[in-house]
Amino acid sequence: MLLTALLVLPFLGSLAAALLPTRARNTGALLAGAIALVGTGLTVSTFPALLQAVGSTALQTRIDWMPSIGLSFSLRLDGMAWLFCLLIYAMGALVALYARYYLSPKDPVPRFYAFMLAFMGSMVGVVLAGHLVVLAFFWELTSFFSFLLIGYWYHRRDARCGARNALLVTGTGGLCLLAGLLLMGHIAGGYDMDTVLAAGDRLRAHPLYLPMLVLVLLGALTKSAQFPFHFWLPQAMAAPTPVSAYLHSATLVKAGVFLLARFWPVLSGTDAWFWMVGGAGLATLLIGAWAALFQNDLKGLLAYSTLSHLGLITLLFGLNSNTAAVAGVFHILNHATFKASLFMAAGIVDHESGTRDIRKLSGLWRLMPITGTLAIVASASMAGVPLLNGFLSKEMFFAETTFVTATPWVEWLLPVAATLAGALSVAYALRFVFDVFFGPKAALKSPKTPHEPVRWMRLPIELLVLACLVVGVAPQGSIGHILDVAARPVLGGEVPEYSLAIWHGFNLPLMMSLAAFAGGIALYFLRPWLAHGASDHVPIIGRLSGQRALHWLLVQLARKSRDLRLLLDTHRLQPQLRWLLGAALIGGTWAMSTYLPAGPARATLPVDPAFALLWTIGGICAIGTAWAARRRRLAALTLSGGTGLCCCLTFVWCSAPDLALTQLTVEIATTVLLLLALRWLPRPPARPIEMHAGRQLRRLRDLLLALGIGAGLSALAWWTMTRPLTHSVSDFYLKNSQSEAGGANVVNVMLVDFRGFDTFGESVVLAIVALTVYALLRRFRPARAALALPAQQRELPETSTDLVNPRHVHDTAVGYLTIPAVLVRLLLPLAAAVAAWLFLRGHNAPGGGFVAALVLAIAILLQYLVSGTQWVDARVGLRPRRWIATGMLLLLATGAGAWVWGYPFLTSHTVHLPWPGPDGVHLPSAFFFDLGVFAVVVGTTLMMLTSVAHQSVRAHRASARGGEEDKPRRHGQAAEAATAAQGND
């Protein structure tokens, strides 16, 4: 329950924050901060158990979902996950406090905290994931909520572009990661994290290791903005500074290196890992450090320095060394502390001076001495100055580059590159400090007079800087046990010997540090000369822009897709169907000729004359439908109903009464829908169209295509029905329907029990389709005010069928015309009783929720046909959306209710009620699931058909006024109409 609380708590807080008033700044900050502090406390409380654990043992929570296919919702907390949970929650608490004073009162602050808490929960889900599918799910959630956070100031174009690019790159990488994780689970023999982490040898020896590794690394490298995907991170600096301090220093960009650390025991140790991970890390380390030196925006400098340090961590994990992996874990923690404090300091400078442009800032230390001191200490830690935490992990990094055993040029390249990167980090740290806080005060050109912020806004920076100092001065006592616990699962349970001592004597890493300090000071003074003539871009690499490459790729894809659309697309439906059916015919023919195995055929039965006559009639109806569709659409609709009736009788003939009932009710509902839609089709020509040669060829082509599709389906059906059923899945359902699900109707049992999850998904799709139709046609619904008018003031008649209403005719004809309306209204309770009968018997006899829902929906639609839409809306008061919502809640509650008893999702249960009757009543949970299907089908059927009916009413009224069609209105009128539609809904 503790791990579940750690995961669920931020999402509950996000929901609560979203319900707060727009200007509730203090409440939103208090809510977010309290949740983050509680999460921090819960995380810290688990540390003693992890400290005493042996090897990489983890705390676990598991909820079996579909155990038959190895799918479960499992959470696991080991040392690495614990470290990241601590970063996520502790840094979240500090950022929540900082954002309270940074964000403007005009900003929708609760929305910020809602997005932040949802992102916090998504990151916790990533690090606690105990199943590969769970990991992939929360991984994509982090991309989505980071998109919302980066684009928080959506009125700014740069924020929208930065959010879109971040989502595009990280979302694409997430799809690659999903494919890689599926491959990984397939190779490992299971998708549980413990199973995967124990299958290192099998993964590395498998032929699919390389494609799996590439896919997993694409997910990790895109999320951590590693070369060549590094361009999205600087653009994301358009986000508010609290977002940058949280996402781009401690959480989001650390997700990629967390993934490298999580799978380091099973994927590392190969040449492919060394070259891909190490190469990407080395390139990002140098490119980011070089670009940071020439940035004029404070957050831009910090963004590129973040790239460089992420490259350093990636390079450490790519060296295939145990101590390098320990150094990588150590630098994850160190970088989060000093980089978050620097982002917050930059935000204070921007907040109090009105600019982040370094060229307009100078001498701020005199005006902001406390903030300047904090920024100086954090910058020194970033540069690796002794007695600060950054110095310790930097020394470990230098040492690891000197211990690499590889080809000679790699052995000397790595120390040189590490020293150069260290020099560049000193140089851009000096620029952050001296160009902003020192120098002449007269050079200050900020829009506002800078001053110190309020005390509480500085508190998060002070705590982070204090952590830098404490770890730097007393590393073993402050961070030693935490680092040991965090590194243990990365290394498979055994941590090598390493030292966190401040002084190791005069050795090669110390010489590299001295050279880096000297080189950094020189680069700082040489920077104006290096930047000469390249004021608008970074020297040497400025012309190589990954952003431009991405834009070029997107433009090319858009152009090619447009060309393909112009080639294939058309405004007519027939050519689109022709392409679709032609592709299906080719693919089906190829598959049948290649993969259908040959085998002995079963003996066939003699042709029954009655059955042959039945399908002779069905074929004649089908041909007649195609022939009459050109000019006599009502006749064509009637003939197509004859074909459907032949299908119903065929199902009865083949002992499939459930299918026959379904086919019959669907046929009626479809006929009503087509009747309502007929008035929207263009009128048929008064004279027959002349059949010239080209038209005849096209019709012949369509005929041949139809015959090919029909012949292919017939051949497939013939092959299926003439093969012996040796391993048919139907045997399983026939044997277990009564014993396992307690129902004799195998079809219904399959829908609500064995294949309940499929039915659940189909119900969701059906509801979405109905709501989409309703949203598209909602402007045609009559106003509620019109429905409330007396009958004498309403606009009547509504449709041609309203003529049967006695209010529209003379008294002498009342007796003749009221009979259909009265009969149909009397039919409604009878149809409801029949629907209830079909529903209740569905588990053991033909029937079920789907058929019962269609029967009831058709009976209600008949009321529309004879009484009009306004009468039914006013008297019956149907609410299709409530039907859909009730049904979906029933489906979800039935599925999730199994979790209460500790069973997988949608597991069926039966309750024995002692009343009524001596034997009681056996009430299965499938009853409520089928009831949910019933409600969804009733709601969706009514919503779609009545929406089309209301639109047909509008068309009828337009034709009654002289045949004028509704014309497009001007923008102002359209806006008024949309507002009115929303008010009437």
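The values are calculated or read from the model by the stated rules, or taken from the named source; none is laboratory data. A quick note: this is a predicted structure, and the numbers were derived from the prediction, not measured. For neighbour counting, all protein chains shown are included, and Cβ atoms are generated from backbone atoms with ideal geometry for every residue, glycine included.
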Legend entry - Verdict on LEU830 being at pLDDT 80 or above, buried (at least 20 other Cβ atoms within 10 Å of the Cβ) and over 37 Å from the mean Cα position of the chain (by Cα): no
Legend entry - Residue tally, condition closer than 30 Å to TRP627 by Cβ and of a type outside the set (D, E, K, R), over the range 700-745: 17
Inset, instruction - Just give me the residues in the range 239-263 being modelled with pLDDT of 90 or more and more than 21 Å from the chain's Cα centre (by Cα), in sequence order. - result: ALA239, PRO240, THR241, PRO242, SER244, ALA245, TYR246, VAL257, LEU260, ALA261, ARG262, PHE263
Legend entry - Answer from ALA346, ALA380 - the residue that is assigned by TED's automatic domain parsing to the domain that holds TYR498, within 30 Å of GLY480 (Cα to Cα) and among the aliphatic types (A, V, I, L, M): ALA380
Inset, instruction - Quickly run through the range 1-29 and pick out the residues that are aliphatic (A, V, I, L, M) and not in a helix (DSSP H, G or I). - result: MET1, LEU19, LEU20, ALA24
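Results for (1) in contact (Cβ under 8 Å) with a residue 60 or more places away in the chain; (2) assigned to a loop (DSSP other than H, G, I, E, B), shown as yes or no for each residue.
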site: GLY624; (1), (2): no, no
site: LEU639; (1), (2): no, no
site: VAL652; (1), (2): no, no
site: SER655; (1), (2): no, yes
site: LEU673; (1), (2): yes, no
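Rundown of residues vs (1) in a helix (DSSP H, G or I); (2) touching a residue at least 60 places away in the same chain (Cβ under 8 Å); (3) closer than 22 Å to ILE623 by Cα; (4) not β-branched (Val, Ile, Thr), yes/no style:
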{"site": "GLN696", "(1), (2), (3), (4)": "yes, no, yes, yes"}
{"site": "LEU700", "(1), (2), (3), (4)": "yes, no, yes, yes"}
{"site": "LEU704", "(1), (2), (3), (4)": "yes, no, yes, yes"}
{"site": "LEU707", "(1), (2), (3), (4)": "yes, no, yes, yes"}
{"site": "ALA711", "(1), (2), (3), (4)": "yes, no, yes, yes"}
{"site": "ALA715", "(1), (2), (3), (4)": "yes, yes, yes, yes"}
{"site": "TRP719", "(1), (2), (3), (4)": "yes, yes, no, yes"}
{"site": "SER730", "(1), (2), (3), (4)": "yes, no, no, yes"}
Inset, instruction - For the range 362-376, name all the residues that are over 26 Å from ALA467 (Cβ atoms) and assigned to a loop (DSSP other than H, G, I, E, B). - result: SER362, GLY363
Legend entry - Unmet requirement for SER122, which otherwise passes all of (1) touching a His at 6+ places or on another chain (Cβ under 6 Å); (2) in a helix (DSSP H, G or I): (1)
Inset, instruction - Kindly indicate whether any position in the range 198-214 is among the charged types (D, E, K, R) and under 25 Å from LEU87 (Cα atoms). - result: no
Legend entry - Every residue from the range 478-521 that is within 29 Å of PRO265 (Cα to Cα), aromatic (Phe, Trp, Tyr) and not in a loop (DSSP other than H, G, I, E, B): none
Inset, instruction - Determine if the range 135-148 includes at least one residue that is farther than 23 Å from LEU94 by Cβ and part of a loop (DSSP other than H, G, I, E, B). - result: no
Inset, instruction - With the checklist (1) modelled with pLDDT of 80 or more; (2) more than 37 Å from the chain's Cα centre (by Cα) in hand, flag the one item LEU675 doesn't pass. - result: (1)
Inset, instruction - Please indicate, with yes or no, whether at least one residue in the range 378-392 is without any contact (Cβ under 8 Å) to a residue 24 or more places away in the chain and either in a loop (DSSP other than H, G, I, E, B) or surrounded by 23 or more Cβ atoms within 10 Å (Cβ to Cβ) (or both). - result: yes
Inset, instruction - Select from the range 889-926 the residues that are assigned to a helix (DSSP H, G or I) and under 16 Å from GLY743 (Cβ atoms) and write down the one among them that is modelled with the highest pLDDT. - result: THR894
Legend entry - When residues of the range 541-590 are limited to those that are surrounded by fewer than 12 Cβ atoms within 10 Å (Cβ to Cβ) and of a type in the set (Gly, Ala, Ser), the one farthest from GLY162 (Cα to Cα): GLY587
Legend entry - Long-range neighbours under 8 Å by Cβ, at least six apart or interchain, first residue more than 20 Å from LEU388 (Cα to Cα) within the range 492-508, second at pLDDT below 80: GLY492/GLY55; GLY492/SER56; GLY493/VAL54; GLY493/GLY55; GLY493/SER56; GLU494/GLY55
Legend entry - Answer residue from the range 40-59, given it is in a helix (DSSP H, G or I) and of a type in the set (Gly, Ala, Ser) and is modelled with the lowest pLDDT among those: ALA49
Legend entry - Residue identified as under 30 Å from ASP192 (Cα atoms) and surrounded by 24 or more Cβ atoms within 10 Å (Cβ to Cβ) among GLY288, GLY281, GLY269: GLY281
Legend entry - Checking ILE884 against (1) assigned to a loop (DSSP other than H, G, I, E, B); (2) buried (at least 20 other Cβ atoms within 10 Å of the Cβ), the condition it does not meet: (1)
Legend entry - Members of the range 60-81 found to be assigned to a helix (DSSP H, G or I) and in contact with a strand residue (DSSP E or B) (Cβ under 9 Å, 6 or more places away or on another chain), listed by number: ALA81
Legend entry - Which listed residue is without any contact (Cβ under 8 Å) to a residue 40 or more places away in the chain and surrounded by 15 or more Cβ atoms within 10 Å (Cβ to Cβ), from ALA34, ALA16, ALA24: ALA16
